[in-house]
Amino acid sequence: MVFGVRHFSPAASLHLRAALDRQRPKAVLVEGPSDVTQLIALLTDAETQPPVAVMAYAAQPPVRSLLLPYADYSPELTALRWASENGAEAKFIDLPTGVFLALSARKPADDQQPTWSVQHLYRQLAAANGYETFDDYWEAAFEHNSSDAAYRQAVYELGQGLRDLQPVAPENLVREAHMRRKIETVRRSGVADQDIAVVCGAYHASVLTDAPPMSDSELDALPRLPVQLTALPYTYLRLSSRTGYEAGIHSPRYFELLWSALRDDTLQSLPVQFFAELAQTLRQQGRSVSAADVLEATRLSLALASVRNQRLPTLDNLRAAAVTCLGQGQLAPIAEALNRVEVGTAAGSLPTQHLSAPIQQDFLRQCRQLTLERYRTPVAKELQLDLRENTAVKRLQSRWLDLNRFFFLNRLAALGVPFGKRQQVRQTGATWKEVYALQWTPDTEIALAENALRGETIDKAAREMLAEQLQCVTCIADITAVVESAAACGLPDALRAAAEALRDFTGQQDSLEGVAEALHTLSMTVKFGGLRHTDTTALEPLLSQLFVRATGIATTSCGCDDNAAAAVQKALWLVQEAAVQHPSLCDGEAWRQALHAVADGQSVNALLAGTAAALLLERDGMDETRWLPLMTHRLSSATLPADSARWFEGLVSRNHYALLSLSKLWQALDDYMAALEEDAFVPVLVILRRALAGFSPAEKRMVCQQLAQLRALSADQVEDAVSQPLSEQERQWLDEVSTFDFDGF
């Protein structure tokens, strides 16, 4: 018996089981990679709860993987379960996973690329029968077909029809020859034809009996890669074709409802079950849905089905009725609830002792050890960490529980394993708090298995990953990223290796932006080293070396145009921050001299000259005898108006309160603005408005107070005048000012 099926078809599972009960075969042969036969016992284990997936991954770089997911209603899984329950031999008969991976690694030439697609044919077939999607057509024509014989015949003809419409891809011909070889092997072992049941995709069903099997020489000629096999829990979301899984189904949860109705012979009540679950979901979301709404939606779905002469409503009919009756004609109010009923949030599970990849076992072990098991769910949960020692706990290891959790999550992040996502946290005067959003997905297991090549444990794999990254660095930012990651992972040997690589790279860096970014990373790593119990001694000489480099190239780097000035300004801020954080490692006097050179330089970008002056004032590196003449020169007719405005913009970019105390600064600015010619006033005003836009309302009030003192006015009068709503004429004038064309200014 050859039984053609569609992957994830509840009706196929129902009719297949009935056919197996009638035939009682001694051997059940299923389409699927033949080497996965070794995992059949796991797939049929009583503790295995679908959805689950088998994963094959290359045992040598580069990483390649193949996923074979199964739902509770997958006909392949139904066949394997029947064989297990009835003492029949069960085998997969398709090409081994190593051959699949080797074939996928071969990129065919353009003239060998298929010019057609089964999915395209599916869409044409659906349209020809009056359906928008193939899923709707399939459900009406096949899932609602209650006759075993009629179902088998219809599926057989569908597969044969698809083969007749377009040429068969060469890979399918190879697969089918291999499946025939496996069938022939079972025959030769003494199993009669009537005792063999073959379960395969409908597309292959018509060619697995009469054509010749693959020969020994053809089998030997197949390319193959060494592979490792593992199994992993899966989710309905990942199973859904909406997430890009080409062979998936649009609505896994709905098909579960359909499977339950088919097994219980209650298919007629499926619409009521669908709308009842949708109503319950909407009520949980705070929406009011009555029993009358459910009945009305059910009636409408039945009416829509009768228009197409369908026995029962399809999901398309149910969705349309739900929008009309429960969403009052709008999809948006019920979209989330519909998604839950159609796609679902179910996640599978496996007996943990059967997970074959050691790194997966290590992940579970560390989750237990770090008490993170309750976070290993498809629903994201927040975890707050306190990296300080918890002296209230007696056990030494438990005192550093959160710190070890921090290292664990960062090692996973270094490996690209999605489990913990760091959240931004604002904390004043504290550096010990970390917040993560933890969420398990099938991608977590997939990434773990793919990292099995790097080590048996997460710690070893993370070390290997960081070593690989060091081999591929092309700039100083790449190396400092490895430094930061190694420190966050709590891997001192990897940190030392990254430090050595950084030492060799430092002298080659000519960009102040690159040096400053690297300096900032090292500064933060050293700063938090004590809190994270990470030895950063090897980084301290490098921090000093990078600071010297930044000091040496600061002046020349500031001679740039306005397009590059913003990036250089940020670099100056980062260097200043490092000098403040690590006075014993950074030569503060050399940095002050460099800032003076930038502030006084005539060929320096005006914005950066003002920024340098602000940094000097910030650290008391410029007294009134230095900054007053400098400011008078910058805000005078001797300087181009645009340069004066940009200089002031750089000056007020930091430490607003300190600048607000310099009354002579605002006097000079007021005198400068009053002396400007009319053609220069507007563009300078535009730049000054932009510069003062970063001031808080309280700081702007202080500016008003300064102006009031300069003009011998009441501070309240000035503040009231400034805070008055704009007139239409003033608004129009400001709009014209804001759109001023700076070309040629």
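Scanning region 213-250 for residues that are in a loop (DSSP other than H, G, I, E, B) and modelled with pLDDT under 90, we see that the one that is farthest from D94 (Cα to Cα) is H250.
One line per residue, one yes/no per condition, for (1) among the hydroxyl-bearing types (S, T, Y); (2) in a helix (DSSP H, G or I); (3) touching a helix residue (DSSP H, G or I) at 6+ places or on another chain (Cβ under 9 Å); (4) modelled with pLDDT under 70:
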position: Y657; (1), (2), (3), (4): yes, yes, yes, yes
position: W666; (1), (2), (3), (4): no, yes, yes, no
position: D670; (1), (2), (3), (4): no, yes, yes, no
position: M673; (1), (2), (3), (4): no, yes, yes, no
position: V682; (1), (2), (3), (4): no, yes, yes, yes
position: L685; (1), (2), (3), (4): no, yes, yes, no
position: L688; (1), (2), (3), (4): no, yes, yes, no
position: F695; (1), (2), (3), (4): no, no, yes, no
position: A698; (1), (2), (3), (4): no, yes, no, no
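Each row is one residue, and each column tells you yes or no for (1) more than 34 Å from the chain's Cα centre (by Cα); (2) surrounded by 17 or more Cβ atoms within 10 Å (Cβ to Cβ); (3) more than 25 Å from R253 (Cβ to Cβ).
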site: H7; (1), (2), (3): no, yes, no
site: V36; (1), (2), (3): no, yes, yes
site: T48; (1), (2), (3): no, yes, no
site: P62; (1), (2), (3): no, no, yes
site: A90; (1), (2), (3): yes, yes, yes
site: L95; (1), (2), (3): no, yes, yes
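Conditions (1) at pLDDT 85 or above; (2) in contact with a His (Cβ under 9 Å, 6 or more places away or on another chain); (3) over 26 Å from D459 (Cβ atoms), marked per residue:
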position: R496; (1), (2), (3): yes, no, no
position: R503; (1), (2), (3): no, no, no
position: T506; (1), (2), (3): no, no, yes
position: D510; (1), (2), (3): no, no, yes
position: V515; (1), (2), (3): yes, no, yes
position: S523; (1), (2), (3): yes, yes, yes
position: V526; (1), (2), (3): yes, yes, no
position: G529; (1), (2), (3): no, no, no
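With respect to the conditions (1) among the aromatic types (F, W, Y); (2) modelled with pLDDT of 90 or more; (3) over 30 Å from the mean Cα position of the chain (by Cα), Y203 lacks only one, and its number is (2).
Take L370 and tell me if it is out of contact with any strand residue (DSSP E or B) (no Cβ under 7 Å at 6 or more places or on another chain), closer than 20 Å to R411 by Cα, of a type in the set (A, V, I, L, M, F, W, C) and at pLDDT 90 or above. Answer is yes for this residue. Quick check: anything in region 355-375 in contact with a Ser or Thr (Cβ under 8 Å, 6 or more places away or on another chain), free of Cβ contacts under 8 Å to residues at least 40 places away in the same chain and not aliphatic (A, V, I, L, M)? Yes - at least one qualifying residue is present in region 355-375. So is H533 of a type outside the set (D, E, K, R), open to solvent by 40 Å² or more (accessible area, probe 1.4 Å) and over 24 Å from D587 (Cβ atoms) or not? Judged against the criteria, H533 is a match.
Note on region 539-612: enclosed helices (runs of 4 or more DSSP H) holding 1 or more residues that are touching a residue at least 60 places away in the same chain (Cβ under 8 Å) and either of a type in the set (F, W, Y) or touching a Cys at 6+ places or on another chain (Cβ under 7 Å) (or both) are 562-581. Tell me, please, whether a residue that is modelled with pLDDT of 90 or more and not in a helix (DSSP H, G or I) can be found in region 466-476. No; the residues of region 466-476 include none that is modelled with pLDDT of 90 or more and not in a helix (DSSP H, G or I). The condition of being surrounded by fewer than 23 Cβ atoms within 10 Å (Cβ to Cβ), over 20 Å from L615 (Cβ atoms) and either more than 31 Å from the chain's Cα centre (by Cα) or of a type in the set (A, V, I, L, M) (or both) holds for A497.
Residue-by-condition table, conditions (1) modelled with pLDDT under 75; (2) open to solvent by less than 30 Å² (accessible area, probe 1.4 Å); (3) of a type outside the set (S, T, N, Q); (4) part of a loop (DSSP other than H, G, I, E, B):
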residue	(1), (2), (3), (4)
D111	yes, no, yes, no
W116	yes, no, yes, yes
Q119	yes, no, no, no
Q124	no, no, no, no
A127	no, no, yes, no
D135	no, no, yes, no
F142	no, yes, yes, no
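Among the numbered conditions (1) open to solvent by less than 10 Å² (accessible area, probe 1.4 Å); (2) farther than 26 Å from G514 by Cα; (3) modelled with pLDDT under 85, the only one that Y436 does not meet is (3).
Within region 151-158, none of the residues are touching a residue at least 60 places away in the same chain (Cβ under 8 Å), part of a loop (DSSP other than H, G, I, E, B) and out of contact with any Ser or Thr (no Cβ under 6 Å at 6 or more places or on another chain). Residue pairs whose Cβ atoms lie under 9 Å apart, separated by 6 or more positions or on different chains, with the first residue in region 391-417 and modelled with pLDDT under 95 and the second assigned to a loop (DSSP other than H, G, I, E, B) and of a type in the set (S, T, N, Q), are S398/N390; R399/N390; R399/T391; W400/N390; L401/T371; L401/N390; D402/N390; R405/T371. Evaluate the following for L491: is it open to solvent by less than 20 Å² (accessible area, probe 1.4 Å) and under 25 Å from C558 (Cα atoms)? In short, no. Within region 561-579, being of a type outside the set (G, A, S) and at pLDDT 90 or above holds for V568, Q569, K570, L572, W573, L574, V575, Q576, E577.
When you scan region 511-530, do you find a residue that is without any contact (Cβ under 8 Å) to a residue 12 or more places away in the chain and open to solvent by 40 Å² or more (accessible area, probe 1.4 Å), even just one? Yes, region 511-530 contains a residue that is without any contact (Cβ under 8 Å) to a residue 12 or more places away in the chain and open to solvent by 40 Å² or more (accessible area, probe 1.4 Å).
Listed here are the residues, each with its yes/no results for (1) small (G, A, S); (2) buried (at least 19 other Cβ atoms within 10 Å of the Cβ); (3) within 30 Å of the chain's Cα centre (by Cα); (4) part of a loop (DSSP other than H, G, I, E, B).
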{"position": "R22", "(1), (2), (3), (4)": "no, no, no, no"}
{"position": "M55", "(1), (2), (3), (4)": "no, yes, yes, no"}
{"position": "P69", "(1), (2), (3), (4)": "no, yes, yes, no"}
{"position": "A79", "(1), (2), (3), (4)": "yes, yes, no, no"}
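Each residue in region 586-617 was checked for being aliphatic (A, V, I, L, M), surrounded by fewer than 21 Cβ atoms within 10 Å (Cβ to Cβ) and under 28 Å from K527 (Cα atoms), and 1 of them qualify.
Here S637 fulfils each of the conditions (1) within 30 Å of C560 (Cβ to Cβ); (2) at pLDDT 70 or above; (3) open to solvent by 80 Å² or more (accessible area, probe 1.4 Å) apart from (2).
The values are calculated or read from the model by the stated rules, or taken from the named source; none is laboratory data. Keep in mind the model is a prediction, meaning the values are calculated, not measured. Backbone-built Cβ (ideal geometry, glycine too); neighbour counts: all protein chains shown. Just the protein is used for accessible areas: all its heavy atoms, side chains included, with ligands, DNA and RNA removed. Shrake-Rupley method; radii C 1.70, N 1.55, O 1.52, S 1.80 Å.
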